[in-house]
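Heads up: the structure comes next, in structure tokens.
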Amino acid sequence: MKSEDSLKALERKAYRSTFNDGIYDITFGLLFLVLAWISVLESIGISRFIGYFLFLIPIIFPRPAKRLITVPRLGMVEFGPKRKSRRRGLLWVVAAIVFLTLPLIIMMVGRGIPAGQTWLFVAVIGLPIFAIGVYIMDFPRMYLYAALFVFCIIQSEFLIDYLGEPLNAVLCFGVPGLIILVIGLAFLFKFMRKYPIQDPEASHAG
């Protein structure tokens, strides 16, 4: 029994080590920055629909980054069937968030509803599903980012009467986005120093 518990603890430690590369932190930082930029683009006459294509950056970024940075250093880590089933569950959670929120975003933007109100409504709908996804991923920092995301939406709506657009979005999303991005880069550089890519020739000579 103790041996089984020790194996589970080791597997969880190995699994969580895959988050120490900072890539998901950088992804969240990019997400916040995109939200700030959408408001800036709209203020100069560029449609929000075009700005939403910027979301492709944080959506696409993690997978190639993991393959280019994490996998060469840690290898392709294989986890148990329970962990794999939870990852499949996460894919369903992500699909559910997209399925539920995307039509709402398109409808609300089409009716001219302000971006802040749109994202607040999306947060209310998607946050419970997102919380389930965080639990499945076993990545506690995401709880903090999710709470910060909702707080930034509320703060942005509050400041719009005082600062106007896009300054409210730049302050409420751009500044936290830069901070999260810096944190992610710090994790990344630390990870790269801790796990340098092994030189195959040097390893063979040794």
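The values are calculated or read from the model by the stated rules, or taken from the named source; none is laboratory data. Bear in mind that the values here come from a model prediction, so they are computed numbers and not experimental data. Reconstructed Cβ throughout: ideal geometry from the backbone, glycine too, with neighbour counts over all protein chains shown.
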**Prompt:** Would you call residue 190 over 18 Å from the mean Cα position of the chain (by Cα), at pLDDT 90 or above and either among the basic types (Lys, Arg) or crowded, with 18+ Cβ neighbours inside 10 Å (or both)?
**Reply:** yes
**Request:** Confirm whether residue 186 is hydrophobic (A, V, I, L, M, F, W, C) and touching a residue at least 60 places away in the same chain (Cβ under 8 Å).
**Result:** yes
**Asked** Among the residues of region 127-150 satisfying the criterion of being under 22 Å from residue 51 (Cβ atoms) and of a type outside the set (A, V, I, L, M), which is modelled with the highest pLDDT?
**Response** 145
**Selection status of residue 109, at pLDDT 65 or above, part of a helix (DSSP H, G or I) and surrounded by 11 or more Cβ atoms within 10 Å (Cβ to Cβ)** = no
**Request:** Hey, can you tell me all the residues within region 47-62 that are among the hydroxyl-bearing types (Ser, Thr, Tyr) and in contact (Cβ under 8 Å) with a residue 40 or more places away in the chain?
**Result:** 52
**Message:** What pairs come out if I take residues in region 31-46 that are among the hydroxyl-bearing types (Ser, Thr, Tyr) and pair them with residues that are surrounded by fewer than 23 Cβ atoms within 10 Å (Cβ to Cβ) and in a loop (DSSP other than H, G, I, E, B) whose C-beta lies under 7 Å away, six or more apart or interchain?
**Reply:** 39/165; 39/166; 43/165; 43/166
**Prompt:** Which one of 162, 195 is loosely packed, with under 13 Cβ neighbours inside 10 Å and at pLDDT below 90?
**Reply:** 162
**Request:** Residues being in contact with an Asp or Glu (Cβ under 7 Å, 6 or more places away or on another chain) and modelled with pLDDT under 85: count how many of those fall in region 17-69.
**Result:** 4
